[in-house]
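Worksheet for the structure shown next.
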Amino acid sequence: MLTETILHITSSIYKHFGLLILLLAISSCQKENCEEGNLIKNASFENLNAQDFPSDWEYSLFQMQDPIIVDPVYTNSKFTNDPNAIDGDNYIILKVTDNETLELITQELDENFEEMVSYKLKVSYAQNPNVFGPSASSQMNVPYLLPAVLRIWAGYKDSIYKFLIHETNGIEDSNWITEEIEYSPDENYTHLSFEAFYKTPLIITYNGNVMIDDIELQKVCP
Ligand SMILES: [Ca+2]
């Protein structure tokens, strides 16, 4: 009787121990799948290609009229009184103009977004006080310092404006703000884009800029 009881207890311990090992293995596997590190390549814009543009990123303009802006990349050394990058030496400056031109950068993800999976996106942004450029209305060189907003989109190569992940408030401070956004995409999007946009409601288009740096995109562990 005693032997049977001992055998029963031992078997029960093994059974529970086995279950525990299995649960630990599943949990470790899930953790491994969700901890893939930063899903964004060249997330701090430090690697530049032969055209001095950050590799892995595409620059484009949304324009209603002829574009008047180029050269969105700035480094710390460009102007001695420029704000420092929040990470490394480089950041991107995206502009909105009174010519109805918006600047944006896009990256094709190595791994598509997964529908209904939670993601955490971190981005730092500020306004650069040294940005000047042509004005469509006055034909003069003017400051690009009215507060613009940053819009972040998930989408596809030919259709980037599919899912608005986030829109910031108007950005008018040259001190970096770091924001963390958690969201779940509703489709398996392939591209992530960052766009400078006018603060709304918009009465008349204007000139402004947003600098961004140090992006991090991660899956949220269940
Ligand atoms: Ca950087």
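The values are calculated or read from the model by the stated rules, or taken from the named source; none is laboratory data. This structure is a prediction, so every number in the text was calculated from the model and none was measured. Here Cβ is always computed from backbone atoms with ideal geometry, including for glycine, and neighbour counts include all displayed protein chains.
Things worth noting here:
- Beta carbons closer than 6 Å, at least 6 apart along the sequence or on distinct chains, never pair a first residue in the range 32-48 that is more than 18 Å from PHE194 (Cα to Cα) and aromatic (Phe, Trp, Tyr) with a second that is away from the ligand (no atom under 11 Å from the Cβ) and at pLDDT below 95.
- Applying the criterion of being within 14 Å of TYR119 (Cβ to Cβ) and not in a loop (DSSP other than H, G, I, E, B) to the residues of the range 192-222, the residue that is nearest to the ligand (Cβ to nearest atom) is ILE215.
- Long-range neighbours under 6 Å by Cβ, at least six apart or interchain, first residue assigned by TED's automatic domain parsing to the domain that holds ASP213 within the range 183-197, second surrounded by fewer than 15 Cβ atoms within 10 Å (Cβ to Cβ) and of a type in the set (A, V, I, L, M, F, W, C): SER184/MET116
- The strands (runs of 3 or more DSSP E) found entirely in the range 91-161 that carry 1 or more residues being of a type in the set (Ser, Thr, Tyr) and modelled with pLDDT of 90 or more are 101-108, 119-126, 148-156.
- Residue within the range 176-190 that is within 22 Å of ASN130 (Cβ to Cβ) and of a type in the set (Gly, Ala, Ser) present: no
- TYR161 among the hydroxyl-bearing types (Ser, Thr, Tyr) and in contact with a Gly (Cβ under 9 Å, 6 or more places away or on another chain): yes
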